[in-house]
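Everything below concerns the one structure shown next.
The values are calculated or read from the model by the stated rules, or taken from the named source; none is laboratory data. These numbers come from a predicted model, not from an experiment. A quick note on method: Cβ atoms are made from the backbone with ideal geometry, for glycine too, and the neighbour counts reach across all protein chains shown.
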Amino acid sequence: MGSMSFREEIPLRASTEVAWKVLADSARLNEFVGSAPYRVVESLDRDGRLQRRAVGKLGPLVAEWVESYGEWVEHRSAVQERFYHRGPLTYLRVNAELREHANGSVIVFSGQTDWRSWLGTITALLGIPRVEFRKRARALARLVEEAANQGPQAPPFGFSAAASERLERLMPAWKQAAGSDVPALVIEELRSSPATHLQRMRPLALSRRWQRPLDVVVRGLLAGHAAGAVTLQWDVLCPRCRGAKAAAGNLYDLPQGVHCSSCNIDYERDFINNVELTFKPATWLRPLPEGSFCMLGPATTPHVRVQAKVAPRDHVTVAGSLSPGRYRARTAESGPQQDVDIESGHALAIRLTVDSIEVTGAAADSIVLRNDTDRPRTFVIEDRAWAADALTGDRVIAMPVFRELCPEQVVRPGDQVAIGHVAILFADIRGSTALYAEVGDVKAYGLVRDYFGFFERHLKTANGVLIKTMGDAVMAAFAEPGDAIGAAIAIHRDITEFGRTHGGEIVPKIGLHVGPCIAVNTNGVLDYFGTTVNLAARLETASRGDDIVLSASVAADPVVGRAIVGLGKETESIVLRGFTDPVAVVRVRVPAP
């Protein structure tokens, strides 16, 4: 039996915020120092607590251990424990504490290892635990310094000769489909980022970091998927802990229901709230190691601001307060949860009982966590705004580029996807029967065919997608109503010139509505159904041909409002077939050029 303690105090020329980003990313740190990834098996103990049993290496030796729930307070401290069942050690605890300093900050890095075998004694005499500890402390200091100087935090990954040759062949098509510099940004990301950061590349986060519009980033990534350089993945997030508990490469393969072993709950797939699109590099270009470098570090759950263990019938006081925002208090184990909105910096008192969790204000600059149950519990305070960084499935499916570049992505026949927000445009030709009688079937057919091409070009310019044609009618979809009204206005403005150059007059009738609907697989393509679609179709029938008929919800959109400034507008209520109550609409007239 033996024990060894470590302690090292390291001055850092960086703020605690910068140092925390590096410290929290323990998986990145372990990868940086050359640790091998390990396998993890999850199970529940008799108290309903998740156990993560891992098998990996401790230096050159094989080890098996159970990892405890981590504990941390954002920008302040982090603690991790391991309980070994195989290998030279029986226990490992690592603690890191950040403190402000005149020249930046200081990190106090400390730890303890225990053993009770001759193998552990030999390991300690050889200095392996101390060497591993110091290696991580020195690496942490180096990574923090590089982060503070915005320098490289890892040597660039070198693509193989075969991968480089293949990449060179596909890049022209990728760049052409992307229409931007996103392919170059993606390749730089794959070269410079650690493997732990590439498992789930989130388009919204990349859009913010690269300072590129989201639709541009999504197009670039989807074009990379079509070219074979990156792989798209649908993650089904647990609504409680936000962990990705199921994944699939195609909508067709996504399960309807998922079980989260961490929270011990079953939940349904929900494209509006918990299905997220992420990307990772293709294995031929940058293979990622199998296994985990750290399964419970703060960076794996960046939305968790505070996580702390509290013994039964006990309480813990954590120094600090939360910045304004939307938070949720819960436990890492299954149990109750409570949402709270904080308008200004605030301390909290959180009390857990068997059936409830109560959140109240506290006077001091601290967070009090009280466990009034008979079992140990790990308290979690998480930022609910983190979900805003998830590019949810309903948003992706409504993007024209998704249909254009990923036609293989369809749901199973009979399955359906709830879409929370989509703008539906219907258009028809006024007096089409008279048109055929006036100019003849052959000429009218050619004119309508050319009109469909004219119409689709305007849809693509405005980020819209053609869903289907029905005789002379057209159904289109847009992710945003501002794009839809832009397309409708452009069509009205350009239709006179179209008629002049094509030898016939076309008068489009357009109706536009925005709202939720469902997407289904119709003959191998995604189609939309629901009340939003029905209302948009009825609005088109209410058009006289010299106007665009908008529902009140479309007209209320601020981008739409700016687009129709200076145009003729009439507000009225009309009765539409299939709808009991009158519908408020706005007729917009676009003057001929």
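Here are the numbers for this structure:
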item: Strands (runs of 3 or more DSSP E) wholly inside region 203-281 containing at least 2 residues that are within 14 Å of the chain's Cα centre (by Cα); result: 230-237, 244-248, 275-281
item: Residue in region 498-514 that is assigned by TED's automatic domain parsing to the domain that holds ALA556, at pLDDT 90 or above, under 30 Å from ASP415 (Cα atoms) and in a helix (DSSP H, G or I) present; result: no
item: So GLY578, is it in the same structural domain as GLY482 (by TED's automatic domain parsing), under 16 Å from LYS509 (Cβ atoms), surrounded by fewer than 20 Cβ atoms within 10 Å (Cβ to Cβ) and touching a residue at least 40 places away in the same chain (Cβ under 8 Å); result: no
item: Criterion violated by ILE342 - all others in (1) at pLDDT below 90; (2) β-branched (Val, Ile, Thr); (3) under 30 Å from ASN30 (Cα atoms) satisfied; result: (3)
item: First in region 234-257 and buried (at least 20 other Cβ atoms within 10 Å of the Cβ), second anywhere and assigned to a strand (DSSP E or B) and among the polar types (S, T, N, Q), Cβ under 7 Å, 6 or more apart; result: ASP235/THR278
item: Single unsatisfied condition, GLY524 versus (1) touching a residue at least 60 places away in the same chain (Cβ under 8 Å); (2) surrounded by 13 or more Cβ atoms within 10 Å (Cβ to Cβ); (3) over 30 Å from GLU438 (Cα atoms); (4) of a type outside the set (D, E, K, R); result: (2)
item: Whichever residue in region 151-163 is within 29 Å of the chain's Cα centre (by Cα), within 14 Å of ILE187 (Cα to Cα) and surrounded by 12 or more Cβ atoms within 10 Å (Cβ to Cβ) and, among such residues, is modelled with the lowest pLDDT; result: PHE157
item: Single condition ALA584 does not satisfy, out of (1) in contact with a Ser or Thr (Cβ under 8 Å, 6 or more places away or on another chain); (2) closer than 26 Å to GLU404 by Cβ; (3) free of Cβ contacts under 8 Å to residues at least 40 places away in the same chain; result: (2)
item: Sole exception among (1) in contact with a strand residue (DSSP E or B) (Cβ under 8 Å, 6 or more places away or on another chain); (2) within 30 Å of SER35 (Cβ to Cβ); (3) in a helix (DSSP H, G or I) for GLN199, by number; result: (3)
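Residue by residue, here is whether (1) buried (at least 19 other Cβ atoms within 10 Å of the Cβ); (2) touching an Asp or Glu at 6+ places or on another chain (Cβ under 9 Å) holds:
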| site | (1), (2) |
| --- | --- |
| ARG7 | no, no |
| LEU29 | yes, no |
| GLY34 | no, no |
| GLN51 | no, yes |
| LEU61 | no, no |
| SER68 | no, yes |
| PHE83 | no, yes |
